[in-house]
Amino acid sequence: MQINWLKKIGSKAEHNAFVDLCEFNQQLFCCYREAENHISAEGRICILTLNKGGNVCYVNRLQMTNTDLRDPKLSITPDGHLLLIAYARQTDKNNRTLSAKNICWVSQTGNSWSSYRRFAEKNWWLWRVRWSKNIAYGFAYNKKQNTIHLYAGDPRRSFHIHHPNALSLQKHNKGYPNESDLLFDNNKAYAIVRRDADSYSAQLGKSYYPYKKWQWIDLGQYIGGPAMLKITSNTAIVAGRIIKNGKLVTGLMKLNLTNGNLHQIGILPSAGDNSYPGLVIDKQILYVSYYSSHQDNKSCIYLAQVELNLLIHQESE
């Protein structure tokens with residue numbers, strides 16, 4: 001794996017983490033949470049506008065009183081707006097969760113944002129949305145229920161359960177499915193889902209439109225905060241938190257979407273509290289945003305530029 005450059009782009013808060021990345025108006029937009037620590041009672045969202053050289057051009061922040069805004073994610077709506085979602089956890093003085101809801105904001109420029117709007121169901125964590133044919137889809141999870149529901153619609157208007165219990169302990173004997181990503185290829189959908197029970201192994205899901213019947217392949221390893229982008233007809237790049245030599249690191253992998261074969265192709269500089277990457281492909285360049293604590297034991301945001309051609313043809317280590 002050839003890393004052209006690696007830049008620290010976010011370090012203002014005590015804890016900078018939970019990252020996503022997208023391309024919008026020929027620029028990169030990176031969002032993440034700024035807070036005191038991993039589970040502090042209040043967290044705000046920082047949105048960086050960067051050029052393709054990884055230089056920060058503009059900084060914006062969103063926050064709510066007595067609220068922990070967690071795991072922001074970005075996507076481009078069919079009408080060309082930037083959509084930001086997050087999980088808003090309302091807390092008491094002892095940092096106990098009073099309630100939690102999914103909220104979203106919209107921007108036409110990336111530099112100013114609308115007021116927030118609630119969407120989906122309270123206390124079900126809608127992890128990420130991906131768009132296909134003017135419809136947004138995303139999985140929401142609930143730890144106590146040991147299941148994920150597939151939601152569909154438009155978070156700005158109407159967003160409801162499309163297919164309940166797409167992957168669950170009760171139906172599939174797979175405990176605690178949670179964080180996820182989706183990609184669409186014409187009338188096919190692929191999903192990658194983290195799990196934190198029994199074997200802890202991530203799952204690859206396949207479905208055909210209207211995405212109400214899913215088949216699952218066990219990937220045989222843990223992947224936290226997975227992000228996925230298609231690079232060839234049957235191959236995707238997967239990034240996430242993996243275990244390497246007994247330690248948690250941020251890894252890049254190549255996934256065969258047909259049979260679920262997963263090959264590690266590189267480890268980004270990372271250690272301690274780390275990962276939750278975002279991915280953007282621009283021509284033959286892969287941009288990866290993530291967080292890591294490998295420098296001075298402080299959780300900071302990093303942006304890496306990686307040669308995509310070498311990743312496509314590279315065999316497993």
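The values are calculated or read from the model by the stated rules, or taken from the named source; none is laboratory data. These figures come from a predicted structure and were not determined experimentally. Every residue, glycine as well, gets a Cβ built from its backbone with ideal geometry; the counts of neighbours run over all protein chains shown. Surface accessibility is based on the protein's heavy atoms, side chains included, excluding ligands, DNA and RNA. Shrake-Rupley method; radii C 1.70, N 1.55, O 1.52, S 1.80 Å.
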ask   = In whole angstrom, how far apart do the alpha carbon centroids of the range 1-29 and the range 252-268 sit?
value = 22
inquiry  = At a threshold of 8 angstrom on Cα-Cα distance, excluding pairs fewer than six apart, so keeping six or more, what relative contact order does the range 176-257 reach in percent?
reply    = 21
remark   = So Asn66 and Ser40, fully extended at 0.36 nm per residue minus their Cα-Cα distance, gain in nm 8.3 nm
message = Need the C-alpha centroid separation for the range 177-235 versus the range 55-118, integer Å.
response = 25
ask   = When the chain is modelled as a GNM with alpha-carbon springs shorter than 10 Å, which of Ile39, Ile231, Ile281 fluctuates the most?
value = Ile39
note = Residue-ordered couplings for the range 223-235, obtained by feeding phi - 60° into the Karplus form 6.51 cos²θ - 1.76 cosθ + 1.60 and rounding to whole Hz (Gly and Pro as x), are 9, x, x, x, 10, 9, 9, 6, 10, 9, 4, 9, 10
query = What residues have an amide H closer than 5 Å to that of Gly43, excluding those fewer than 5 places away on the same chain, when H is modeled at 1.01 Å from N in the peptide plane?
reply = Thr67, Asp68, Leu69
query = So how far apart, in nm, are the two label points at Asn186 and Ser201 if each is 7 Å from Cα heading toward Cβ?
reply = 3.0
key: Candidate values (1) 0.93; (2) 0.95; (3) 0.97, label of the one derived for Rg/Rh (Cα atoms, Kirkwood Rh)   = (1)
note = Straight-line reach check, Lys12, cutoff 19 Å on alpha carbons, 8 or more apart in-chain or any other chain, hits among lysines -> Lys298
note = For Trp5 and Thr97, extending 7 Å from Cα along the Cα-Cβ vector and measuring point to point gives, in nm, a value of 4.0
query = Sorting Thr250, Thr258 by accessible area (1.4 Å probe), largest first, what list results?
reply = Thr258, Thr250
ask   = Along the range 75-80, what does the Karplus equation 6.51 cos²θ - 1.76 cosθ + 1.60 (θ = phi - 60°) give for ³J(HN,Hα), rounded to whole Hz, x for Gly and Pro?
value = 7, 9, 6, x, 8, x
key: the chain: most fluctuating residue of Gln26, Gln221, Gln145 per GNM, C-alpha cutoff 10 Å   = Gln26
task = Enumerate the calculated ³J(HN,Hα) couplings along the range 37-51 in order (Karplus 6.51 cos²θ - 1.76 cosθ + 1.60, θ = phi - 60°), each rounded to whole Hz, writing x wherever the residue is Gly or Pro.
result = 7, 4, 10, 5, 5, 10, x, 10, 9, 10, 10, 9, 9, 10, 7
Solvent-accessible area per residue, Å², over the range 23-118 with all protein chains present [probe radius 1.4 Å] = 44
note = Of every hundred units of 1.4 Å-probe accessible area on the range 161-317, the number belonging to carbon and sulfur atoms, as a percent, is 46
Quarter of the Cα convex hull surface for the range 1-69, i.e. its orientation-mean projected area (nm²) = 5.4
